[in-house]
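> Here it is: the structure, laid out below.
The values are calculated or read from the model by the stated rules, or taken from the named source; none is laboratory data. None of the values given here were measured: they were computed from a predicted structure. Cβ placement follows ideal geometry from the backbone for every residue including glycine, while neighbour counts extend to all protein chains displayed.
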Amino acid sequence: MRTRNVFQSWGKVLLGHTPLLSIEVTRECPLHCPGCYAYGSNHLGGELTLRELSDKRGDDLVRGVLDLVDQHKPLQVTLVGGEPMVRHRELSRIVPELCGRGIFTMVVTSGIIPIPKEWMDLPNFIVAVSIDGLPEHHDVRRHPATYERILGNLAGRLVNIHWTITAPMLQRPNYLEEYVRFWSEREEVRSIWVSLYSPQRGEESAERLSAEQREQVARELPRLRKLYPKLLVGEGYAQALLHPPASPKDCTFSRLSKNYSADLRTHVDPCVFGGDPDCSQCGCSASAAAHWVSEIKLLGPLKAKHLLRGSMRIGNAMARLQHVALPAWREREQPAASGEADLVQISMD
C-alpha cells in the first residue's frame, strides 16, 4: 500500500466516504476450487449463498456498479466474482469509465478468459491473476484454469500475480522459491502478491496452515524478496501476516472497505471472506498490508491507526451532514439486504 494512497484514503475517511469498494459482479464461475470462500455456505451470513442470488447482466450490471460507485465515492474499486471475466462485455464498459474518473480499478481473475489488450493502456488499472501454487497443485485445484491456459491468455498483457499459500505447498523444500522464480522471470508479470490460506472459524481442512508453517513462510518470504524484487513481501509485511488483527473491528482493511455481492444489494461482511472468518489465522494480503501501515509510528507513541480512528470520528459527522451513504465502519451495524435466484456454476472445458 503506497504512502500516497494511505493519505488519500484518510482524506476519503475524513469526508465520510468509504475508500475501498469490492463488488462481486457475477455469481458464475467455471472453476470448482476447494476451499473457495465465495461459494461457502456461510459466505453471505448463512441465509443465502452466492449461488442463490439473482445477479445482473448487460445495462443493469453496468448501471448498478456505477450507481454503487456514485453512492460511496471510493478511492479504489475491486471487481471480483465468481469469475468476473464471465462479464467481460460489461466490464469493457465499466472499467474504462472508472479509470477515466481517476478511480484505481482492479479486476481479480483466474486468468481463464483472455484479458482485453486495450485495458493495458488504461490509467489507474491493474489485473490480479490468482495462481495458487505450481502446476502440481494449481492445475488440480483450479482446473480448467491451468498453467497452459493462463500463460496463453497472459501473452502481451501486464498483470500482478496473487498467490494464496496453502499447507500442501510447504511439504517440499524450495517450493516457495520455485514459484517466485518462475513468475518473476515472466515478462507479463509486474509484481507478485502473497496471501496465506484464510480459514473460517472452526474449519479443519488440508489447506489450513499450522502455526509452524506460518512462521516458516514469514521467515522465507523476506529472504526471497531480496532475490526477486517483484515479490512484494518485506519484513514488516511478513510480520503482519504472522500477527494478523485480532478481530474485524481491529482490521483496518475491513473497516475501510464495503463489499457487495452479485445482486449489488447484499453485503459481504465482516470482510471480503464473509461468513465467520478466523481472524487469528487470517492471511489476507490486503489486511496484512493495511495492518502493517496502521502500526507505523508517526510521533512518539502515536501510530497511524490512531490518526485513522480520529479521521473516522470526523467522517461520521461529515457523513451525517452531507447525507451520503453510511461509511463502511458504521454501515455494518445495519441489517443486510438479501435476494433470490437460481443457477450459478457454469462449464468452460
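> Could you check how many residues of the stretch 264-299 are of a type in the set (Lys, Arg) and at pLDDT 85 or above?
So the count comes out to 1.
> Evaluate the following for Val180: is it assigned to a helix (DSSP H, G or I), surrounded by 19 or more Cβ atoms within 10 Å (Cβ to Cβ) and modelled with pLDDT of 95 or more?
Spelling it out, Val180 is indeed assigned to a helix (DSSP H, G or I), surrounded by 19 or more Cβ atoms within 10 Å (Cβ to Cβ) and modelled with pLDDT of 95 or more.
> Return the only residue of Lys258, Lys249 being outside any helix (DSSP H, G or I) and of a type outside the set (Ser, Thr, Tyr).
The unique qualifying residue is Lys258.
> May I pose another question? Taking only pairs six or more apart or across chains, which ones have beta-carbon atoms under 9 Å, a first residue in the stretch 130-159 that is aromatic (Phe, Trp, Tyr), and a second residue that is at pLDDT 95 or above and crowded, with 20+ Cβ neighbours inside 10 Å?
Cβ pairs passing all conditions: Tyr147/Ile131; Tyr147/His138.
> Which residues, counting only those in the stretch 250-263, are under 16 Å from the mean Cα position of the chain (by Cα) and either surrounded by fewer than 20 Cβ atoms within 10 Å (Cβ to Cβ) or at pLDDT below 90 (or both)?
Result: Cys251, Thr252, Phe253, Ser254, Arg255, Leu256, Ser257.
> Within the stretch 205-217, is there a residue that is outside any helix (DSSP H, G or I) and more than 30 Å from Asn42 (Cβ to Cβ)?
no
> Looking at Ser247, is it surrounded by fewer than 19 Cβ atoms within 10 Å (Cβ to Cβ) and within 15 Å of Leu170 (Cα to Cα)?
no
> I need the full set of residues from the stretch 218-244 which are acidic (Asp, Glu) and crowded, with 23+ Cβ neighbours inside 10 Å, in order please.
Matches in the stretch 218-244: none.
> Which of the following residues is of a type outside the set (S, T, N, Q), surrounded by 15 or more Cβ atoms within 10 Å (Cβ to Cβ) and at pLDDT 90 or above: Val13, Val6, Val25?
Just one listed residue meets the conditions, Val25.
> Please work out if Leu122 is surrounded by 18 or more Cβ atoms within 10 Å (Cβ to Cβ) and in contact with a helix residue (DSSP H, G or I) (Cβ under 7 Å, 6 or more places away or on another chain).
The answer is no for Leu122.
> Check off (1) farther than 20 Å from Pro116 by Cα; (2) in a loop (DSSP other than H, G, I, E, B) for Ser22 and give me the number that stays unchecked.
With respect to (1) farther than 20 Å from Pro116 by Cα; (2) in a loop (DSSP other than H, G, I, E, B), Ser22 is out only on (2).
> A further question on this structure: What about Asn174, is it over 26 Å from Pro84 (Cβ atoms) and surrounded by fewer than 22 Cβ atoms within 10 Å (Cβ to Cβ)?
Considered against the rule, which asks whether it is over 26 Å from Pro84 (Cβ atoms) and surrounded by fewer than 22 Cβ atoms within 10 Å (Cβ to Cβ), Asn174 comes out as yes.
> Between Leu44, Leu91, which is in contact with a strand residue (DSSP E or B) (Cβ under 7 Å, 6 or more places away or on another chain) and surrounded by 24 or more Cβ atoms within 10 Å (Cβ to Cβ)?
Leu91
> Would you confirm whether any residue within the stretch 137-160 is surrounded by 18 or more Cβ atoms within 10 Å (Cβ to Cβ), of a type outside the set (S, T, N, Q), within 21 Å of Ala289 (Cα to Cα) and modelled with pLDDT of 95 or more?
Yes, the stretch 137-160 has at least one match.
> Could I ask something else about it? Which residue pairs have Cβ atoms under 9 Å apart, sit 6 or more places apart or on different chains, and have a first residue in the stretch 215-226 that is more than 17 Å from Trp193 (Cβ to Cβ) and a second that is crowded, with 19+ Cβ neighbours inside 10 Å?
Gln216/Leu176; Gln216/Leu209; Arg219/Ala238
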